[in-house]
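Inspection log for the structure reproduced underneath, given as structure tokens.
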Amino acid sequence: MAARAGLIEQKQGATSARLDSLGPVADKGWTATARKAALDRVVQQGLPHARDEYWKFTKPTGLVVADVTPAAVFTGDEVQVFDSVDRVKLVFVDGVFDAAASDDPALAGVKIERLAEATSDIHWAQGLYGTLEANGQDPVARPLAALNTAYATDGVLIHATGKAEKPVSLIYRHESETSDAILHHVIKLDAKAELTVLENGPAAARFNKVMEVDIADGAAFHHVRAQGRDHERQAATHIFARLGTESTFKSFTLTANGRMTRNECVIELTGDDAVAHVAGACVGDGDFHHDDTIFITHDAVNCESRQVFKKVLRNGATGVFQGKILVKEGAQKTDGYQISQSLLLDGDSQFLAKPELEIYADDVACSHGSTSGAIDEDALFYLRSRGVPEGRATDLLTLAFLAEAVQEIEDEALSDEILGKVEAWLDRRRG
Amino acid sequence: MGAPDGADEKDEKMLEIKNLQVKLEDEDKQILKGVDLTVEAGKVHAIMGPNGSGKSTLSYVLSGKDGYEVTGGEATLDGDDLLDMEAEERAAAGLFLAFQYPVEIPGVGNMTFLRTAVNAQRKARGEDEMSATDFLKFVREKAKDLKIDADMLKRPVNVGFSGGEKKRNEILQMAVLQPRMCILDETDSGLDVDAMKLVSEGVNALRDAGRGFLVITHYQRLLDHIKPDVVHIMADGRIIKTGGPELALEVEQNGYADLLAEAE
Ligand SMILES: Nc1ncnc2c1ncn2[C@@H]1O[C@H](COP(=O)(O)OP(=O)(O)O)[C@@H](O)[C@H]1O
Ligand SMILES: [Mg+2]
């Protein structure tokens, strides 16, 4: 009892310190109610603590403390991703929108606004902002997401009414060593609409980002993200997606470097015959902690969900995977698949995995697997015996290992972009 | 001045193995107990011997596989100390091993594998990379001779290949890399008659004055197709007898028992 009281006290202390540093929430405009409710959630839940079960493998301190830990800006010449893709670019520098660097957001089939500029009292996003996030707080609390809803300074509101002509590309630049950015995006796809959202860049010294995605019947949402590449940046991101009948959600994330990354993805399949795929590949070296936390709820008939996560870790890097499939009563004919694998390039690195299935329907097919292994010595020797130097051979095998996750990206041009980026990163590291 | 006339005529020693002794790195098990063997340029040497006599170990040690400890003796290629080189350096120096059990590499396309290998060796030798189109043409030609189709070139290295396809793929790599010293470890095992013919033709096509072969086999059969100049019998980590092609026939007819008894 005493220990628990002590913990609550610690949590309350850390939470109020953080809330004090952020000040009062905005009380005007259509988001005011959602912000206030979100703030109440944060106060009630308390920000994450190292002793929370959901943070067992990832120490949240850096993501929670009031003062952001400075992160040096990466000065090497960065391999740009998505450069070959025709897209509408929206640029945020340390969380602040950069109009000069951004494209005109006019795009056929899509309406794009900035959260900071959507000042009317009534807005289409009103029923969504903070709503999917709030739904995603049960059964597991996600206080950093609630904090985001309460304090987001900007973000984009994207309403896809038809098939988007090209992808919307969110670019996050990092220029200040002490930036602490909070962005919140709301994306709504009308029935049968199609949209691809790309995200890339390190964003800030500390980045808290929420993306709420509401996908109506028959609509398709694709998301490809490349998080990188500053060594010291920290990020906590959440995706909350709700899927209607026969809709599709596919998300892929590549992460290279970054001291701390926690990517949560909370998906609710609410309409029959919907499909949700979440995949990730990460390459970690040294002072690197990467956490993928996925929660997929099947609440309709004949839906498919798929989680594919691959991590390559070296020099003491840590990878975490917490993946859950919850099949609710009546969600018959559910097809749930989950695999998480790590390739440990040395004995100092570690991979911690917690795959979970919770099933309340009887006619379902769910499988999960998690593996952790070293590089295949026989394959390495085979390559070397053909003249391929050890470093290059290791890279080839690493790339082959990650490729399985990258192939989850449906669009071939985008998947090539990502594979190329991984290759370049591996190449450069070897330099 | 000029070189003395005799220099060109005497057989050019390529692979020289002297009193090579090898044990497992983490076990006190001596596998090679003093192997002596010299392969000259232009010659095909065969090694025959019962299972477990150390043939594969010899081929692995020569090509630089980890897990073995050389406890004595030496091995040189064109006079250079092989045992002092990394596996990839040995390959760049011209050594090639066709594996008894070719390794599957999921996720790495066969063509990517070949191009990476060729260009890595070229780079190590200070040569320019081959252009992608030239390379493609070159590989397709070699592949056609071995009846390796475009699909096999695209698929991940050896993944889902039949036993025969794997062995043909080994010979394809040899044909593409054009090594000076080729070691073939039981390339005939698991091959049907047609595949054996294909593989042998592939090997014979590479025979020339500048290239040496060490063909490890269990059976005389392969040696009907690839005619050896010299045959060695290996048993219990040693070469116990060396002779001409007739030695292989003797083994075929009488087995190893007599030879083993003779060596006692
Ligand atoms: N990695 C190893 N671990 C344990 N024993 C080995 C290993 N490699 C070879 N050996 C042993 O060494 C001997 C020679 O094996 P090998 O070289 O494969 O013979 P061959 O190819 O002539 O059949 C055998 O007794 C085999 O069991
Ligand atoms: Mg053998």
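No value in this document is a laboratory result; all are computed from the given coordinates. Remember, predicted model here, so these are calculated numbers, not experimental data. For neighbour counting, all protein chains shown are included, and Cβ atoms are generated from backbone atoms with ideal geometry for every residue, glycine included.
Rounded to the nearest 5, what is the percent of antiparallel bridges among the DSSP beta bridges in the stretch A:81-221?
Around 20 percent antiparallel, to the nearest 5.
Counting other beta carbons within 10 Å of each Cβ, put A:ASP190, A:ASP20 in order, fewest first.
A:ASP20, A:ASP190
Whole number please: convex hull volume per residue of the Cα set in the stretch A:290-431, in Å³?
Each residue corresponds to 121 Å³ of Cα convex hull volume.
Using a basic spin-label model with each label point 7 Å from the Cα along Cα→Cβ, how many nm lie between A:LEU22 and B:GLU74?
7.3 nm
Would you pull out the residues with amide H under 5 Å of B:GLY64's amide H, same chain only if 5 or more places away, H placed 1.01 Å from N?
For B:GLY64, no residues qualify.
Anything in chain A that counts as a DSSP H helix reaching 15 Å or more along its axis (C-alpha) with Kyte-Doolittle mean of at least -0.5? List them, would you?
Helices passing the filter in chain A: A:2-22, A:32-45, A:390-406.
Once label points are set 7 Å from the Cα along Cα→Cβ at both A:GLU165 and A:ALA116, what is their separation, rounded to one decimal in nm?
Placing both labels 7 Å along Cα→Cβ, they lie 2.7 nm apart.
For the residue pair B:ARG180 and A:LYS36, what label-to-label distance in nm results when each label sits 7 Å from Cα along the Cα-to-beta-carbon direction?
So the label points at B:ARG180 and A:LYS36 sit 8.5 nm apart.
May I ask you to compute the full-extension gain from B:GLU127 to B:ALA257, defined as 0.36 nm times their residue separation minus their alpha-carbon distance, rounded to one decimal in nm?
That pair, B:GLU127 and B:ALA257, stretches by 41.8 nm at full extension.
What is the Cα radius of gyration of the protein assembly as shown over 2.2 N^0.38 Å, N being its residue count?
For the protein assembly as shown, the normalised Cα radius of gyration comes out at 1.19.
Per-residue HN-Hα couplings for the stretch A:48-59, Karplus 6.51 cos²θ - 1.76 cosθ + 1.60 at θ = phi - 60°, whole Hz, x for Gly and Pro?
Per residue, the Karplus-derived 3J(HN,Hα) values read x, 10, 4, 8, 5, 4, 6, 10, 4, 9, 10, 7 Hz.
Quick one: if the Förster radius is 51 Å, what FRET efficiency do A:ASP86 and A:ALA3 give, using the C-beta to C-beta distance and rounding to 0.05?
After rounding to 0.05, the efficiency reads 0.35.
Collect residues whose amide H, placed 1.01 Å from N in the peptide plane, falls under 5 Å from the amide H of A:SER370; neighbours closer than 5 in sequence don't count.
For A:SER370, whose amide H was placed from the backbone, the distant partners under 5 Å are A:SER340.
Set the Förster radius R0 to 45 Å, insert the Cβ-Cβ distance between A:LYS354 and B:GLU264 as r into 1/(1 + (r/R0)^6), and round the FRET efficiency to 0.05.
My answer for the efficiency is 0.15.
Given the stretch A:82-376, what whole percent of its Cα pairs are spread farther than 36 Å?
13 percent
Given the -39500 (n - 2.57) contribution per DSSP H run of 4+ residues, what per-residue ellipticity at 222 nm results for chain B, rounded to the nearest 500 deg cm²/dmol?
-11500 deg cm²/dmol
Using helices alone, what [θ] at 222 nm do you get for chain A, with -39,500 (n - 2.57) per DSSP H run of 4 or more residues, divided over all residues and rounded to the nearest 500?
It comes out at -7000 deg cm²/dmol, rounded to the nearest 500.
Answer rounded, prolate or oblate for the stretch A:32-162, using the Cα gyration tensor with square roots of eigenvalues a ≥ b ≥ c: rounded when a/c is under 1.5, else prolate when a/b is larger than b/c, else oblate.
oblate
Could you sort out which of B:LYS142/B:LYS197; A:LYS163/A:LYS328; B:LYS29/B:LYS65 sit more than 20 Å apart by Cα distance in this structure?
A:LYS163/A:LYS328
If you count the DSSP beta bridges with both ends in the stretch A:82-376, what percent of them are antiparallel, to the nearest 5?
Taking every DSSP beta bridge within the stretch A:82-376, about 5 percent pair in antiparallel fashion.
Which net charge results for the neighbourhood of A:THR270, defined as the other residues with beta-carbon distances under 11 angstrom from its beta-carbon, given Lys and Arg at +1 and Asp and Glu at -1?
Result for the neighbourhood of A:THR270: -3.
Which of the lysines could a cross-linker span from A:LYS36 if the Cα-Cα distance has to be under 22 Å and same-chain partners fewer than 8 positions apart are dropped?
Counting by Cα, and skipping residues close in sequence, A:LYS36 has these lysines nearby: A:LYS11, A:LYS28, A:LYS209.
How much length would be gained if the chain were fully extended between A:ASP411 and A:ARG51, taking 0.36 nm per residue of separation minus their Cα-Cα distance, in nm to one decimal?
125.5 nm
Calculate, for A:ALA365 and B:LEU83, the FRET efficiency according to 1/(1 + (r/R0)^6) with r their C-beta to C-beta distance and R0 51 Å; round to the nearest 0.05.
Calculated value: 0.40.
Over chain A, what is the relative contact order in percent, taking alpha-carbon pairs closer than 8 angstrom and at least six residues apart?
Value for chain A: 11 percent.
Going by amide H atoms built from the backbone, whose H comes under 5 Å of the H on A:PHE252, apart from near neighbours?
Those qualifying (amide H under 5 Å, at least 5 residues apart or on another chain) are A:HIS223, A:VAL224, A:ARG225, A:ALA279.
Where in the stretch A:321-356 does the amide nitrogen come within less than 14 Å of the point 7 Å from the Cα of A:GLU404, taken along Cα to Cβ?
A:338-344
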